[in-house]
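Some notes on the structure that comes next.
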Amino acid sequence: MIELWVGTINGYLWGSILIYLLSACGIWFTFRLKGLQITRFFHMFSILKSSRKRSSHGISSFQALCTSLAARVGTGNLMGVAVAISLGGAGAVFWMWLIAFVGMATAFAESTLGQLYKERDSMGNFRGGPAYYMSKGLNNKKLAVTFSLCLFFGYGFVFSAVQANSITSAFNGSYGFNPLYTGIVITIAAALIIFGGLKNIARFAELTVPFMGLLYIFVCIGVIGMNLSKVPMIISDIFSSAFGLKEAGSGLVGAAIVQGVKRGLYSNEAGMGSAPNAAAAAVPFPPHPVSQGYMQMLAVFFDTIVICSCTAILILLFHDSASQAEGIQLTQQALAHQVGAWGSDFITIAILLFAFTSIVANFAYADNNLKYLKMDNRLGKWFLRIGFLFMLVFGSVATLPEVIALADLSTGLMTVVNVTALFMLSKVVVKITKDYHSQQDKGVLPTYQPDEKEHQGFNLSQGVWSKK
């Protein structure tokens, strides 16, 4: 029943609206920012050198990167890619790449704005995100509240159910564990971390994300190296299927585009408005909002261009017509086919780490918007905590189509609202980006100093906007 009515809405959202809206947004910012994901590609990596600087008022840029990667690098990278290929064929991978490439510019824009319009909370910590740049940059509180409600619903209740579903499915497929019992264990572990707040979550992500990401990449590179002669054929298949150049695959072009864009967005989250919540909490270095734009652009690159590509090639190397596996179990079988039985166990552990870090990062995003909605009192906090933990148990035993449908709905609604705001604030993004690049080109450390017309509401000594 849920899948039926939610699927109807998703059909309109994903069948036309979001494909054009996201593509247009990515192309628009790629053009307005002069293709900085290419022209300034290596600058993303140079910022990493000083990204661990922090203060008592916020998390470090590296922790913000890891927190956003924790949310991005989840089931979308292992389960989502498998779903995209199952429903859209090999061509879906190309459209995932494309939406990630233009999405890097979108991610840059939204995270730059998140850092620009941040403020301090009652504890002296930084906070911000789309709701803040909608209310301060656009002076549109109705739009801000609408976005916050969508994000609160998605990250507070739905997305983590998808992550829990993937973990329990993987453990059930590998070891026959009862999904309900696995879900209860996940819920208890998540509770121990999320009750510690954003800084606790950031520290957990900082320790976990680099380890799990690099280990997974190394294993996939090993498999690709074992099958190097087949890789050119797979790449050719991806491109030919993406444009219907193969006769048998010509009817899949539409499905490839929809699945590639849908699963690509769900994986890299560019344009959804989630990452700016983490970006705003960071103490940037260089001390300029644009530096956080670069950090989050790097997150999209790692998430989709690197990790999703590894999973895609792994799956496309797997040929077993008798296999009825879907989702995470397809990825498990693909690796086991290459390296033996331990491959399934490795994917099970990988999805546990990937999905669990996403779960705790999702809570951080929902909690940030709870504060914006002024519901961060004792009742509001316990409502979020109980609802969040309950949905972990629900997601553990629900069917995959049910949780995927709800996730697609939440993603779609958030994105429509956020991308609308990004278009309206594009002049601001372009202006402060030019300011950053002009200082960088002169060889000086970029710092942000708004002009006189922008001084009102901006605290120069603290580098944040005052509350309104």
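The values are calculated or read from the model by the stated rules, or taken from the named source; none is laboratory data. In this text the structure is predicted, and so the values were computed from the model without any measurement. Heads up, the Cβs are rebuilt from the backbone with ideal geometry, glycines too, and the neighbour counts pull from every protein chain shown. Accessible surface is based on the protein model in full, side chains and every heavy atom, while ligands, DNA and RNA are left aside. Shrake-Rupley method; radii C 1.70, N 1.55, O 1.52, S 1.80 Å.
Here is how the numbers come out for the structure above:
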item: Residue list for region 173-190, restricted to those being over 15 Å from GLN163 (Cα atoms) and open to solvent by less than 40 Å² (accessible area, probe 1.4 Å); result: SER174
item: Tally of residues being of a type outside the set (A, V, I, L, M, F, W, C) and either out of contact with any helix residue (DSSP H, G or I) (no Cβ under 9 Å at 6 or more places or on another chain) or at pLDDT below 80 (or both) across region 366-404; result: 11
item: Count of residues meeting criterion [under 15 Å from ALA105 (Cα atoms) and either in contact with a strand residue (DSSP E or B) (Cβ under 8 Å, 6 or more places away or on another chain) or open to solvent by 10 Å² or more (accessible area, probe 1.4 Å) (or both)] in region 270-280; result: 0
item: Close pairs (6 angstrom Cβ cut-off, 6 or more residues apart or separate chains): free of Cβ contacts under 8 Å to residues at least 40 places away in the same chain in region 306-318, aliphatic (A, V, I, L, M) and buried (at least 20 other Cβ atoms within 10 Å of the Cβ) anywhere; result: PHE318/ALA334
item: Helices (runs of 4 or more DSSP H) contained in region 208-310 and holding at least 2 residues within 30 Å of GLY443 (Cα to Cα) and at pLDDT 85 or above; result: 289-300
item: Conditions (1) touching a residue at least 60 places away in the same chain (Cβ under 8 Å); (2) of a type in the set (S, T, N, Q); (3) over 22 Å from GLY260 (Cα atoms): number failed by ASN10; result: (3)
item: Filter result for LEU113 (open to solvent by less than 20 Å² (accessible area, probe 1.4 Å) and in contact with a Leu (Cβ under 7 Å, 6 or more places away or on another chain)); result: yes
item: Boolean, ILE315 is buried (at least 20 other Cβ atoms within 10 Å of the Cβ) and in contact with a Leu (Cβ under 7 Å, 6 or more places away or on another chain); result: yes
item: Residue match in region 119-133 (condition: open to solvent by 10 Å² or more (accessible area, probe 1.4 Å), at pLDDT 85 or above and not aliphatic (A, V, I, L, M)); result: no
item: Of residues in region 331-341 being at pLDDT 80 or above and of a type outside the set (S, T, N, Q), the one most open to solvent (accessible area, probe 1.4 Å); result: HIS337
item: Residue identified as surrounded by 15 or more Cβ atoms within 10 Å (Cβ to Cβ) and either modelled with pLDDT under 75 or not β-branched (Val, Ile, Thr) (or both) among ARG32, ARG52; result: ARG32
item: Candidate set: region 281-301, residues that are touching a Lys or Arg at 6+ places or on another chain (Cβ under 8 Å) and surrounded by fewer than 24 Cβ atoms within 10 Å (Cβ to Cβ); chosen: the one farthest from GLY129 (Cα to Cα); result: PHE285
item: Residue ID - modelled with the lowest pLDDT, chosen from residues in region 1-29 that are open to solvent by 10 Å² or more (accessible area, probe 1.4 Å) and among the small types (Gly, Ala, Ser); result: GLY15
item: Flag if ASN362 is open to solvent by less than 30 Å² (accessible area, probe 1.4 Å) and modelled with pLDDT under 85; result: yes
item: Residue match in region 75-85 (condition: open to solvent by 10 Å² or more (accessible area, probe 1.4 Å) and out of contact with any Pro (no Cβ under 8 Å at 6 or more places or on another chain)); result: yes
